[in-house]
1. Of all the residues that make up the stretch 353-388, how many are surrounded by fewer than 15 Cβ atoms within 10 Å (Cβ to Cβ) and either under 21 Å from residue 273 (Cα atoms) or of a type in the set (Phe, Trp, Tyr) (or both)?
2. Name the single residue that is nearest to residue 246 (Cα to Cα) among those in the stretch 299-344 being under 29 Å from the mean Cα position of the chain (by Cα) and among the small types (Gly, Ala, Ser).
3. Look at the stretch 265-281 and say how many of its residues are within 18 Å of residue 298 (Cα to Cα) and surrounded by fewer than 22 Cβ atoms within 10 Å (Cβ to Cβ).
4. Somewhere in the stretch 399-416, is a residue basic (Lys, Arg), surrounded by 15 or more Cβ atoms within 10 Å (Cβ to Cβ), modelled with pLDDT of 90 or more and in contact with a strand residue (DSSP E or B) (Cβ under 6 Å, 6 or more places away or on another chain)?
5. Quick check, is residue 352 of a type in the set (Asp, Glu), more than 19 Å from residue 201 (Cα to Cα) and either part of a loop (DSSP other than H, G, I, E, B) or touching a residue at least 40 places away in the same chain (Cβ under 8 Å) (or both)?
6. Name every residue in the stretch 417-429 that is touching a strand residue (DSSP E or B) at 6+ places or on another chain (Cβ under 6 Å) and among the aliphatic types (A, V, I, L, M), in order of residue number.
7. Within the group 311, 334, which residue is charged (D, E, K, R) and surrounded by fewer than 19 Cβ atoms within 10 Å (Cβ to Cβ)?
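The values are calculated or read from the model by the stated rules, or taken from the named source; none is laboratory data. No experiment lies behind these values; they were computed from the predicted model shown. All Cβ positions, glycine included, derive from the backbone under ideal geometry; neighbour counts span all protein chains shown.
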Amino acid sequence: MIVVYVFVLFCMFVCLIFKSKRYLHMLQQNLYNENNRYLKWVFRNSKQFLDLDIIAIFVSLIGMLVVYDLEKISILLILALGAIFLVLAYLWRSRLQHDQNKKPLVITKRVRRLIVTTSILYLIPVVFLLLQNSDSQFAWIMITLLSVMIFLNPFVVFLANIINFPIERGVYHYYKHKAQSKLKSMPNLKIIGITGSYGKTSSKNILSDILNIKYNALPTPRNLNTYNGLIMTVNNNLTKFNDIFIAEMGAYVKGEIKGLCKLVKPQYGILTRLGTAHLESFGSEQNIIDGKFELIESLPSDGFAVLNGDDPKQVNYKLKNKVRIIWIGIDNPDVDVRATNIKCSSKGTEFDVIFPNDKKEYHFETKLLGDHNVYNILAGLAFGYEFGISISDLQQAVKGVKPVEHRLELKRLNNFYQIDDAYNSNPIGAANAVKVLGMMPGVKVVVTPGMIELGEKEAEYNKTFGEQIAEVADYAVLIGENRTKPIKEGLLAKGFDKDKIVVFNDVRDAYPFIGELAKKKDVYALFENDLPDTYNE
């Protein structure tokens, strides 16, 4: 009897490891349920509960039904084979999920604490099972309870997250106080905040490259634009040798940017283009605008902000403070720093710039592609000009600006040219990327899973994206049949050849397809967006 218990428990333990890893991974990718992101993901993917571990409950129920007749070898065999099948099935599915994951679970200290708490929750029925005195019925009740807990693993992981909340808040406040103390000890440090709906990371990296020609500027690494990300950057990366700290600030709801400003207290700010990114969590476009302008309205009166004079949402906003504004633009002739004569090719972009109180046009060249990168460069030039960097140094700095990884990054890949814009996507950025593709010679291919987090207008925006692709591309490779239906509708509405629409469930399948096309002609393939693992179909 005890052998059966131990064997079934072992099999359930193996399954539990795989399933807990899956949902810890999703909890981490959904920012530990910040703004209920994890719970929303769980309910959006509720069909995943009807999976292999329902067999565990079935096996346990069989055991309970025959609890008084366990001498039957056939029943023991069914239990053993059921448990073995369950383990093998989980091993197979875990391997498939691992192959699909783009960003693996990072075993941080917080994740380790969650693993401990989750393990304790699952050990409770196991302890009761081991303490029972040959009571077969009670033993199978405990095994069934454990099976149900495995079935409800996403909620057990969520419960562990709730239990750990006081600990995590204590850890957060400790490191927050440490970061604020460090910033107070550096009174001469210039702090620049950057936010907006699109282009924050690109703008941050470009600004850093420009300012570093004269100063020692530290940008937040990667996309660490949350409270924890800024705290981590200040504590781990900021040193007394830094002159400037560039803080990228992300937000999902109104009020978050204001909180980030209270944390790092920027004196200067950049607002990139405003749009509908994260419309679902913000609730309305006006909330997005108000939320992003929290950065500008948190700046002191002796600071300044760089705003986009071609963005009507920024031009028409009524500021609630008196911070000085420097306007940048391309189309609007009344801005302070303006780019003209823009020319884009497969080698990069060149343009002329007019600075405040100077009617002369200065020529600039960059390896970056697209008008939106020109806007980002203009913001960097506005700061460089204000901070006393010479025009010649600014020209040199712009020429040396490094392409931002996965953001319209042109590179030779095997036998074709890849325009890698896979980091994320939005209606304005996607339109710009398609425009850049249209400037390239050869066969043009778009590879995309579409855009996300655009609320009720998501399908509409993706259909429009499909129409834009149809105007430029020779082939459209759609990743994920269900998600890309609106894009396909847009393509067909514009008369795009349906035989040149290819659908894959994994972006990796697109590479050999493009490779075959490139055997005959030069191919330029735009990879627009790469959805996180939470959107795997």
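1. The total comes to 0.
2. The residue in question is 305.
3. Going through the stretch 265-281 one residue at a time, the tally reaches 2.
4. no
5. Judged against the criteria, residue 352 is not a match.
6. 419, 422
7. Exactly one of 311, 334 is charged (D, E, K, R) and surrounded by fewer than 19 Cβ atoms within 10 Å (Cβ to Cβ), namely 334.
Quick grid of which residues meet (1) farther than 21 Å from residue 207 by Cα; (2) of a type in the set (Gly, Ala, Ser); (3) touching a Leu at 6+ places or on another chain (Cβ under 9 Å); (4) assigned by TED's automatic domain parsing to the domain that holds residue 204:
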position	(1), (2), (3), (4)
271	no, no, yes, yes
278	yes, no, yes, yes
290	yes, no, no, yes
293	no, no, yes, yes
309	no, yes, no, yes
314	no, no, yes, yes
327	no, no, yes, yes
330	no, no, yes, yes
